[in-house]
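The values are calculated or read from the model by the stated rules, or taken from the named source; none is laboratory data. All values derive from a computational prediction rather than experimental measurement. Note that we place each Cβ from the backbone using ideal geometry, even for glycine, and neighbour counts take in every protein chain shown. Ligands, DNA and RNA are excluded from the accessible area calculation, which covers all protein heavy atoms including side chains. Shrake-Rupley method; radii C 1.70, N 1.55, O 1.52, S 1.80 Å.
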Amino acid sequence: MKTTGARLLRTLLERQGIHTIAGIPGGAILPFYDALHSAGQQRTIRHVLTRHEQGAGFIAQGMARATGRAAVCVATSGPGATNLLTAIADARLDSVPLVAITGQVPQTLIGTDAFQEVDTYGLTLPITKHNFLARSAAQLLEVVPLAFQLAESGRPGPVAIDVPKDVLTATLEVTDWPAPGGAVPPPPCPEEEIATLARRLAAAQRPVLYLGGGVISSGAADLACTLAQRLSAPTVCTLMALGAMPPANPLFMGMLGMHATKGTNLLLEEADLLLGIGVRFDDRATGRVAEFCPHATIAHIDIDQAEIGKIKLPYVSLVGDAADILRRLLEHLPAQSRPAWRTRASHLRQAHPLRHPPRAEDPLHPVNLCQFLGEMLPIDTILTTDVGQHQMWVAQAYPVRRPRGLLTSGGLGTMGFGLPAAIGAALAQPGRRVACVSGDGSILMNIQELATLAELRLPVAVLVFNNGQLGLVRQQQELFYHGRYEASRFDVVPDFAALARAFGLRGIRLDPAGDPLTDLAEALAAPGPCVIDIPIEEHANVLPMVPPGAANHQMIAEPELASLHA
Amino acid sequence: MPDHSPSFPLPASSSPPSETATGNCHVLRDKPPAPTAVLELRVRNHPGTMSHITGLFARRAFNLEAILCVPLAEGATSLMLLLVAEEPRLEQVERQLAKLHDVLSVHHRKDLSPGFFTRLTAAASPAPAG
């Protein structure tokens, strides 16, 4: 079959089962767009035109995070490629399978400072799992399936493919088509290591499970819950693992670390064994590492050998697929009751609840809002967040009831993630309600994607927790910089409801003096996309909080805060 | 900033440090002898491989004291020898290296010392300045 590089690229994506891609065309990538167009009646790939390449990157991420399968974003050379970088780096830090395809100037012009030329290969090198510069159309036959294989295998991550324009326009004869690339299972963990871990777990008196994003990506959430039950082990989650255990489970202790409830961090102080599954001992989770779980033996399960011992040296380490390891581990473990430890955990949970005013008194307190959203939204809702205070309030108070029920930028902490990720999630999971909780700072960072949302008419509700501040910055300035507020307050905050209407979307602003929760429920119950502007108290803080660099037991909670201001 | 002045014994010509010498790959630093290790990598031989490997070290503020790279057999793969500081975090860097798609294997060459690179440089007789 005679074809061009561009049509070959389209066909290879079709063969990967890709139905939706997000991107923006431009000079160097135009042959690929022409190939999309030329599919005509047989067309199977829908292209979502975004308003900024970063939006395309995060829409692809939303699709990938909602499904676990690699998703594709496309941009042209130069600024198109540089605009994708943040979304690619974000995917790297949160281990999200992403294939980013960029146009490049023709190979004869590479290195000449040609129009819209940038060293995309060099720029993506440190932020991808792997990257390619395709040097011939024939190379695409190898590179494209391999990109999907690398993105989805082992610890998932982003792969970039830079394609010069002459590679897209070149003609070639294709006779043998390569098999589509996909996840290759890692080698199984040796049985004796699983048996060692089982013995160690059985001998522990105060075990705690510490679940990370790897539990979600390996589809091991149910197995982790079974393990917790079997061991009577209280369970903490990282931000990335929220949804792995239903919040109603009596063993669930919520998120650990910087914004955990005090009881959760105190429990970790008392643990004699900590089993980390798909975690990387991130500083936001551990606080000062030397004082993290001081009395616990560490056991660590991860698919990435390089994570073992990176931060904490484990006593037992198992490298492999978490679902496979947990399934085999459970065969070794009889049920254990540990009534004293369970009681201790539930005592700590009850003794240190999240502190917030009652709903009747302050319905728009962020914690009340998040709990209310949990009651109003369907159980299979996908909630995305941006980054800042609202993200931490969601992590503390919104009940994430299913794996992949919360999509959030954890590692890179990218403001602007929420709206495009919500669009991606809605594209990938038709029929499900998607809500994006954002802040007045974050939402403006990719606000242009409201135009994309208005075009697609997806069931995405954007909730702007509006305090007129970069709230988490303001909070840190209050707590750690003696209230010297610099560049954290906005003098002008747009009317987000009017802005939504300007984009052709439903826009609502809640009135604190009226019955805001009823209005919120009505707005959420109406079909289709909307933006809900929610005025919240300007100076509300996310508490408790472990100061950056401090140990997790040095939490600032409400009473300490009061004395700080005395 | 690492000090790039070559202090290892130069061969007879003993020319002052030239652009060629400092711009070259095999530059040894003027520092008291620190424990070193030699890593042997088998890698895919294509234009991006060296960037991946040097980038990984640079991002971790790890200096590559010496690099030797030669193509193997048909030229599809290369053998690379790296002289690096022997530090506790080297093990973590080795694991990260092993994860690179272009790196096929990583081994410690305990039989090789920094002198191996010095002798090679001497044998290559750096070009005179100017």
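For the reader, a short list of remarks on this structure follows.
- Pairing residues of the range A:456-467 that are farther than 22 Å from A:Glu537 by Cβ with residues that are among the small types (Gly, Ala, Ser) and in a loop (DSSP other than H, G, I, E, B), at Cβ distances under 8 Å and at least 6 apart in sequence or on separate chains, gives A:Arg457/A:Gly528; A:Pro459/A:Gly528.
- Odd one out for A:Val367, checked against (1) open to solvent by less than 40 Å² (accessible area, probe 1.4 Å); (2) in contact (Cβ under 8 Å) with a residue 60 or more places away in the chain: (2)
- Matching residues, the range B:67-93, being within 26 Å of A:Asp119 (Cα to Cα) and touching a Pro at 6+ places or on another chain (Cβ under 9 Å): B:Thr77, B:Ser78
- Residues considered: A:His300, A:His352. Of these, the only one that is within 14 Å of chain B (Cβ to nearest Cβ), surrounded by 19 or more Cβ atoms within 10 Å (Cβ to Cβ) and either in contact with a Cys (Cβ under 8 Å, 6 or more places away or on another chain) or not hydrophobic (A, V, I, L, M, F, W, C) (or both) is A:His300.
- Hits in the range B:49-71 (condition: within 14 Å of chain A (Cβ to nearest Cβ), touching a strand residue (DSSP E or B) at 6+ places or on another chain (Cβ under 6 Å) and farther than 11 Å from B:Asp102 by Cβ): B:Phe57
- Entry remark, the range A:179-201: residues being assigned to a loop (DSSP other than H, G, I, E, B) and surrounded by 15 or more Cβ atoms within 10 Å (Cβ to Cβ) number 6 in total.
- Residue-level analysis places A:Ser95 among those that are within 14 Å of chain B (Cβ to nearest Cβ) and assigned to a loop (DSSP other than H, G, I, E, B).
- Unique match (being open to solvent by 10 Å² or more (accessible area, probe 1.4 Å), within 16 Å of A:Cys237 (Cβ to Cβ) and in contact (Cβ under 8 Å) with a residue 12 or more places away in the chain) among A:Ala248, A:Ala271, A:Ala260: A:Ala248
Rundown of residues vs (1) within 14 Å of chain B (Cβ to nearest Cβ); (2) crowded, with 24+ Cβ neighbours inside 10 Å; (3) assigned to a helix (DSSP H, G or I), yes/no style:
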site	(1), (2), (3)
A:Gly80	no, yes, yes
A:Arg135	yes, no, no
A:Leu141	no, no, yes
A:Pro145	yes, no, yes
A:Pro156	yes, yes, no
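- Flag for A:Leu266 being of a type in the set (A, V, I, L, M), surrounded by fewer than 23 Cβ atoms within 10 Å (Cβ to Cβ) and assigned to a strand (DSSP E or B): no
- The set of residues in the range A:1-21 being in contact with a Leu (Cβ under 8 Å, 6 or more places away or on another chain) and either under 17 Å from A:Val99 (Cα atoms) or of a type in the set (D, E, K, R) (or both) consists of A:Lys2, A:Ala6, A:Leu8, A:Leu9, A:Arg10, A:Leu12, A:Thr20, A:Ile21.
- Yes/no for B:Met50 being closer than 27 Å to A:Arg135 by Cα, assigned to a helix (DSSP H, G or I) and either among the small types (Gly, Ala, Ser) or modelled with pLDDT of 90 or more (or both): yes
- Here A:Ala497 passes the criteria (1) open to solvent by less than 20 Å² (accessible area, probe 1.4 Å); (2) closer than 24 Å to A:Cys73 by Cβ; (3) part of a helix (DSSP H, G or I); (4) touching a strand residue (DSSP E or B) at 6+ places or on another chain (Cβ under 6 Å) except the one numbered (2).
Rundown of residues vs (1) within 26 Å of A:Pro547 (Cβ to Cβ); (2) open to solvent by 30 Å² or more (accessible area, probe 1.4 Å); (3) away from every other protein chain (no Cβ under 14 Å); (4) not charged (D, E, K, R), yes/no style:
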site	(1), (2), (3), (4)
A:Ser232	no, no, yes, yes
A:Phe281	yes, no, no, yes
A:Ala285	yes, no, yes, yes
A:Cys293	yes, no, yes, yes
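- Residue list for the range B:83-105, filter: more than 14 Å from chain A (Cβ to nearest Cβ) and closer than 25 Å to A:Ile311 by Cβ: B:Val84, B:Ala85, B:Glu86, B:Glu87
- Residue in the range B:52-82 that is nearest to the chain's Cα centre (by Cα), counting only those that are under 23 Å from B:Gln92 (Cα atoms) and open to solvent by 60 Å² or more (accessible area, probe 1.4 Å): B:Ala58
- The number of residues in the range A:447-494 being open to solvent by 70 Å² or more (accessible area, probe 1.4 Å) and not small (Gly, Ala, Ser) comes to 10.
- Check on B:Val43, at pLDDT 95 or above, surrounded by 17 or more Cβ atoms within 10 Å (Cβ to Cβ) and within 25 Å of A:Lys129 (Cα to Cα): yes
- Looking across the range A:308-329 at every residue that is over 20 Å from A:Ala296 (Cβ atoms) and away from every other protein chain (no Cβ under 14 Å), the one that is surrounded by the most Cβ atoms within 10 Å (Cβ to Cβ) is identified as A:Asp321.
- Residue in the range A:82-101 that is more than 28 Å from the chain's Cα centre (by Cα) and either surrounded by 18 or more Cβ atoms within 10 Å (Cβ to Cβ) or of a type outside the set (Lys, Arg) (or both) present: no
- A:Thr44 vs. criteria open to solvent by 30 Å² or more (accessible area, probe 1.4 Å) and outside any loop (DSSP other than H, G, I, E, B): no
- Residues within the range A:370-386 that are crowded, with 24+ Cβ neighbours inside 10 Å and part of a loop (DSSP other than H, G, I, E, B), tallied: 1
- A:Asp166 part of a helix (DSSP H, G or I), open to solvent by 30 Å² or more (accessible area, probe 1.4 Å), within 30 Å of A:Arg10 (Cα to Cα) and of a type in the set (D, E, K, R): yes
- Tally, over the range B:102-119, of residues that are of a type outside the set (S, T, N, Q), within 22 Å of B:Gly75 (Cα to Cα) and surrounded by fewer than 18 Cβ atoms within 10 Å (Cβ to Cβ): 2
- The range A:111-127, subset more than 10 Å from chain B (Cβ to nearest Cβ) and either part of a helix (DSSP H, G or I) or among the polar types (S, T, N, Q) (or both), residue farthest from A:Thr86 (Cα to Cα): A:Thr112
- Of the residues A:Gly528, A:Gly549, the single one that is over 16 Å from A:Cys370 (Cα atoms), outside any helix (DSSP H, G or I) and open to solvent by less than 30 Å² (accessible area, probe 1.4 Å) is A:Gly528.
- Within this structure, A:Ala64 passes the test of being within 28 Å of the chain's Cα centre (by Cα), under 25 Å from A:Leu444 (Cβ atoms) and touching a residue at least 12 places away in the same chain (Cβ under 8 Å).
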